[in-house]
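The values are calculated or read from the model by the stated rules, or taken from the named source; none is laboratory data. Treat the numbers as computed from the prediction; the structure is a model and nothing was measured. Glycine gets a Cβ as well: all are built from the backbone with ideal geometry, and neighbour counts include every protein chain shown.
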Amino acid sequence: MNCKAILLLLISFSLLLGGCRIESGSNDEHTDKKETKAVQENDMKSKEEKTTALATMEMYNQLEKGMSYEEVKEIIGSEGKAATEEGDADMMYIWDGSYPNSFLSVSFKRNKLMSKTQMGLK
């Protein structure tokens, strides 16, 4: 795995773990924030429907160099979370694992699997 891919993986992982928000304000602002939060939760549910499959070591072992993203999605059973800008020639996707703090990441170059990494899969 090249340095760029490792750096992107670390940045993505830290972004996933590091988000928090403090809210304050009047009741009107609070109501607006509740409505906004409800919309965001609905959006998250739609995204989760696309990324509900959890990666396992068995899936990881089936992934082979040269596979397309579509082939990888078929094995894992869901879309991955893009860890790079959509449309880049080099793409990285991450799937959560079935155990806490476990994941699988796959790097593609021109839609061909170049490398795969896992942490904590069983």
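Residues that are more than 13 Å from the chain's Cα centre (by Cα) and either modelled with pLDDT of 90 or more or closer than 19 Å to Met119 by Cα (or both) occur in the stretch 89-98; there is at least one. Counting only residues that are surrounded by 13 or more Cβ atoms within 10 Å (Cβ to Cβ) and outside any strand (DSSP E or B), the stretch 78-110 holds 8 of them.
Take Ile75 and tell me if it is surrounded by 14 or more Cβ atoms within 10 Å (Cβ to Cβ), out of contact with any Asp or Glu (no Cβ under 8 Å at 6 or more places or on another chain) and either basic (Lys, Arg) or in a helix (DSSP H, G or I) (or both). Break it down stepwise before answering.
Working: surrounded by 14 or more Cβ atoms within 10 Å (Cβ to Cβ): yes; out of contact with any Asp or Glu (no Cβ under 8 Å at 6 or more places or on another chain): yes; either basic (Lys, Arg) or in a helix (DSSP H, G or I) (or both): yes.
Spelling it out, Ile75 is indeed surrounded by 14 or more Cβ atoms within 10 Å (Cβ to Cβ), out of contact with any Asp or Glu (no Cβ under 8 Å at 6 or more places or on another chain) and either basic (Lys, Arg) or in a helix (DSSP H, G or I) (or both).
For Leu121, indicate whether it is in a loop (DSSP other than H, G, I, E, B) and surrounded by 13 or more Cβ atoms within 10 Å (Cβ to Cβ). For Leu121, the condition - in a loop (DSSP other than H, G, I, E, B) and surrounded by 13 or more Cβ atoms within 10 Å (Cβ to Cβ) - is met. I'd like to know if the stretch 38-54 contains one or more residues that are small (Gly, Ala, Ser), surrounded by fewer than 17 Cβ atoms within 10 Å (Cβ to Cβ), within 17 Å of the chain's Cα centre (by Cα) and modelled with pLDDT under 90. Checked the stretch 38-54: at least one residue is small (Gly, Ala, Ser), surrounded by fewer than 17 Cβ atoms within 10 Å (Cβ to Cβ), within 17 Å of the chain's Cα centre (by Cα) and modelled with pLDDT under 90.
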